[in-house]
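Colleague: First the structure, then my questions, so here it is.
The values are calculated or read from the model by the stated rules, or taken from the named source; none is laboratory data. No experiment lies behind these values; they were computed from the predicted model shown. Here the Cβ positions follow ideal geometry from the backbone for every residue, glycine too, while neighbour counts run over all protein chains shown.
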Amino acid sequence: MADAKARGLLEEESIKSIGTEERKVIFASSLGTVFEWYDFYLYATLAPFFAALFFPSGNDTAALLSAFATYAAGFLVRPFGAIVFGRIGDLVGRKYTFLVTIVFMGGATFLVGLLPTFKAIGWAAPVLLVTLRLVQGLALGGEYGGAATYVAEHAPHNKRGYDTSWIQTTATLGFFLALAVIGASRQWMDAKEFADWGWRIPFWLSLVLLVFSVYIRLKLHESPVFQKMKAEGKGSKSPLTDSFFKYTRTTSSCCWHCSAQRRGRAWCGTRGSSTLFSS
């Protein structure tokens, strides 16, 4: 009787421990998504303010279009980021890979706020802006998939969909965080000051979010599924070939749903926030 009671207590403590670790993993991984969408809306909303500063003067419309083209470049390289960092994640581990992606992503966002203008350094300004956007795009391509994989590999079999859904849900927090920081910055200074240099403040504040995210993620452990896979030597030797030819229907379905979802949300969110803060 005493032994059965002791076993019951041990099982209860084990369940509590698993629940705590599960929540910790979800929280730490979701921070990357918050950061991703903070950056997303930050650049899109503030582009009308800094576009003329980084591109040749004389045609504000052309400068704005150039800024949005630079913004689009970050999206175009995301699939390559997923391929590169996905493979790295299979080789060295999920935890360290998405630590790298969030550092690249946060560092690039912060550096946008430090960029000299076209007037100061000429064509080096738009070149550096495009370079930073490409770095962000590559990092973000690896960040989202890496975080989702990490959470899924920690989650119980019957809760993988629920646990990974938190990563997607917390994207809304990045949206509201970006709007809150921009709104507060505009209230704190007059319109001219904000247009001259105040728009840089939200980019600078991204460093705080980066430090906090890295601190939290350093406390995490490697995925148990990945550790078991490495120990048993069951890693895929040709992940791209397997994805597109061995699991064709699954890969096609995922690509279609993700593409449709992001197109709709990107258009609505960018349109709304740009209208709100440009007026």
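Colleague: Is there a residue being modelled with pLDDT of 85 or more, out of contact with any Gly (no Cβ under 9 Å at 6 or more places or on another chain) and among the polar types (S, T, N, Q) anywhere in the stretch 26-37?
Modeller: Within the stretch 26-37, none of the residues are modelled with pLDDT of 85 or more, out of contact with any Gly (no Cβ under 9 Å at 6 or more places or on another chain) and among the polar types (S, T, N, Q).
Colleague: Enumerate the pairs (first residue in the stretch 53-78 and among the small types (Gly, Ala, Ser); second residue anywhere and buried (at least 20 other Cβ atoms within 10 Å of the Cβ) and not in a helix (DSSP H, G or I)) with beta-carbon separation below 9 Å, excluding pairs fewer than 6 apart on the same chain, so at least 6 apart or on different chains.
Modeller: Qualifying pairs under 9 Å: 62/55; 63/55; 66/55; 67/55.
Colleague: Same structure, new question: Based on this model, can you work out whether residue 144 counts as buried (at least 19 other Cβ atoms within 10 Å of the Cβ), under 24 Å from residue 102 (Cβ atoms) and among the aromatic types (Phe, Trp, Tyr)?
Modeller: Yes, satisfied.
Colleague: Here's another thing I want to ask about it. Can you name the condition, by its number, that residue 58 falls short on among (1) outside any helix (DSSP H, G or I); (2) modelled with pLDDT of 80 or more?
Modeller: Looking at each condition in turn, residue 58 falls short on (2).
Colleague: Next up: Would you mind telling me which numbered condition in (1) crowded, with 21+ Cβ neighbours inside 10 Å; (2) closer than 24 Å to residue 190 by Cα; (3) of a type outside the set (S, T, N, Q) residue 32 fails?
Modeller: (2)
Colleague: Shifting gears a bit: Are any residues in the stretch 62-81 of a type in the set (Val, Ile, Thr) and part of a helix (DSSP H, G or I), and if so, which ones?
Modeller: If the condition is that a residue be of a type in the set (Val, Ile, Thr) and part of a helix (DSSP H, G or I), then 70 is the only one that fits.
Colleague: If you scan the stretch 18-29, which residues turn out to be of a type in the set (S, T, N, Q) and buried (at least 21 other Cβ atoms within 10 Å of the Cβ)?
Modeller: 29, the sole residue that qualifies.
Colleague: Select the helices (runs of 4 or more DSSP H) contained entirely in the stretch 185-279, then report the ones holding at least 2 residues which are more than 19 Å from residue 172 (Cβ to Cβ) and at pLDDT below 80.
Modeller: 224-232, 248-278
Colleague: Return the only residue of 134, 140, 128 being over 17 Å from residue 31 (Cα atoms) and either in a loop (DSSP other than H, G, I, E, B) or in contact (Cβ under 8 Å) with a residue 40 or more places away in the chain (or both).
Modeller: The match here is 134.
Colleague: Would you point out which residue out of 75, 118 is over 18 Å from residue 37 (Cβ atoms) and surrounded by 14 or more Cβ atoms within 10 Å (Cβ to Cβ)? Full working, then the answer.
Modeller: On the way: 75 fails: over 18 Å from residue 37 (Cβ atoms).
That would be 118, the only listed residue that is over 18 Å from residue 37 (Cβ atoms) and surrounded by 14 or more Cβ atoms within 10 Å (Cβ to Cβ).
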